[in-house]
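Asks: Could you have a look at this structure, given as structure tokens, before my questions?
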Amino acid sequence: PAGVFNLLNGDGPGVGEAISGHPDIDMVSFTGSTRAGIAIAKNAADTVKRVAQELGGKSPNIVLDDSAFTKSVAKGTVAMMGNSGQTCTAPSRMLVPHARMAEAKAAAKEAAEGVIPGDPKGNAAIGPVVSRAQWDKIQGLIEKGVEEGATLVAGGPGKPEGLETGHYVKPTVFADVTYDMTIAREEIFGPVLCILGYEDYDDAIRIANDTEYGLASAITGEDIELARSLAKRIRAGRVAINGGYDLGAAFGGYKKSGNGREWGEWGFHDFLEVKAVMGHG
């Protein structure tokens, strides 16, 4: 029916600010950056409206120490590069045993070099990032990774050879990353993977949870029971074991990754009010 769906075009400071602060709008759902999400929540506070948000992420991928290790590293590397890294759930922090860091470097390098950027109309695996501003941000963080002492395994600053036109980024892998480095803490939102080492699984969980984000996470390996036990300890709204994906499962984040849930039955809850009618006879 007319009026069920209305589309307003505009930017955040204009239309977004008007919507989030309007007294006749009962609820706002937002997908985007944590910075913008905070601004929306503040603007909505005066009208005490409900706000559901799906915001940024810095998702860990714990690679188990088993015989599938190199395969798991390669799989995680390719998963990171999808959509040119512009995915809120991208497994951007790969956690591997310190003792197997050399193996991880070799497997990730080979996998990243197999991800070919180029014209989306051709057979390339990834296209350009969304804008020049985003390209500049990604380049700055890649340079920061080099400056802070991470080992550049693949890719690096600048555009891929032969792709001078367009905002293309080299599929990039850093290893020997420590959790205090900028690239380990900030959401890059580009095809840049950070590999961090862990001592044991308790240490892996500590590193995985040492972030202001909590949107998604991953565990990759052969021991499913171990993966399930670790999944219970990760503070994130979603844990994908060996790439699990389900559109019927609740989707949303902890901490600065947002609040509320999308998808499946859970996706309706934030848009509903509960009314209790009492008394009878």
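Asks: Regarding Gly158, is this residue out of contact with any strand residue (DSSP E or B) (no Cβ under 8 Å at 6 or more places or on another chain), of a type in the set (Gly, Ala, Ser) and not in a helix (DSSP H, G or I)?
Replies: It is true that Gly158 is out of contact with any strand residue (DSSP E or B) (no Cβ under 8 Å at 6 or more places or on another chain), of a type in the set (Gly, Ala, Ser) and not in a helix (DSSP H, G or I).
Asks: OK, next. May I ask you to list pairs of residues, at least six apart or on different chains, whose Cβ atoms are under 7 Å apart, with the first in region 111-132 being in the same structural domain as Gly166 (by TED's automatic domain parsing) and the second being exposed (fewer than 14 other Cβ atoms within 10 Å of the Cβ) and of a type outside the set (Ser, Thr, Tyr)?
Replies: Ala124/Ile116; Ala125/Ile116; Gly127/Pro120
Asks: Among (1) among the β-branched types (Val, Ile, Thr); (2) crowded, with 21+ Cβ neighbours inside 10 Å; (3) more than 14 Å from Ile195 (Cβ to Cβ), which single condition is Thr172 missing?
Replies: (3)
Asks: Does region 163-182 include one or more residues that are in contact with a Ser or Thr (Cβ under 8 Å, 6 or more places away or on another chain), acidic (Asp, Glu) and under 14 Å from Ser84 (Cα atoms)?
Replies: no
Asks: Mind telling me which of the residues Ile188, Ile195, Ile183, Ile219 ends up being touching a residue at least 60 places away in the same chain (Cβ under 8 Å) and touching a Cys at 6+ places or on another chain (Cβ under 9 Å)?
Replies: Ile188
Asks: Still on this structure, please answer the following. Pairs under 9 Å by beta carbon, first residue without any contact (Cβ under 8 Å) to a residue 12 or more places away in the chain and within 18 Å of Lys137 (Cβ to Cβ) in region 155-170, partner of a type in the set (S, T, N, Q) and surrounded by fewer than 17 Cβ atoms within 10 Å (Cβ to Cβ), six or more apart or different chains?
Replies: Once the first residue is without any contact (Cβ under 8 Å) to a residue 12 or more places away in the chain and within 18 Å of Lys137 (Cβ to Cβ) and sits in region 155-170, its partners that are of a type in the set (S, T, N, Q) and surrounded by fewer than 17 Cβ atoms within 10 Å (Cβ to Cβ) give Lys159/Thr165.
Asks: Based on this model, can you work out whether Asn61 counts as in a strand (DSSP E or B), modelled with pLDDT of 95 or more and of a type outside the set (A, V, I, L, M, F, W, C)?
Replies: yes
Asks: Might you check whether a residue that is in the same structural domain as Ala68 (by TED's automatic domain parsing) and on the phi > 0 side of the Ramachandran plot occurs anywhere in region 88-100?
Replies: no
Asks: Looking only at region 1-32, filter to residues that are in a loop (DSSP other than H, G, I, E, B) and hydrophobic (A, V, I, L, M, F, W, C); which one of those is surrounded by the most Cβ atoms within 10 Å (Cβ to Cβ)?
Replies: Among those that are in a loop (DSSP other than H, G, I, E, B) and hydrophobic (A, V, I, L, M, F, W, C), it is Ile25.
Asks: For region 101-131, what are the residues that are part of a loop (DSSP other than H, G, I, E, B) and in contact with a Phe, Trp or Tyr (Cβ under 7 Å, 6 or more places away or on another chain)?
Replies: Pro128, Val129
Asks: While we're looking at this one, here's another question. Under 6 Å by Cβ, and 6 or more places apart or on different chains, what pairs join a residue from region 256-272 that is in contact (Cβ under 8 Å) with a residue 24 or more places away in the chain with one that is in a loop (DSSP other than H, G, I, E, B) and loosely packed, with under 15 Cβ neighbours inside 10 Å?
Replies: Lys256/Glu212
Asks: Quick one: in region 132-155, which of the residues that are of a type in the set (D, E, K, R) and assigned to a helix (DSSP H, G or I) is nearest to the chain's Cα centre (by Cα)?
Replies: So the residue we want is Lys137.
The values are calculated or read from the model by the stated rules, or taken from the named source; none is laboratory data. As the structure is a computational prediction, the values presented were derived from the model and not from experiment. Glycine gets a Cβ as well: all are built from the backbone with ideal geometry, and neighbour counts include every protein chain shown.
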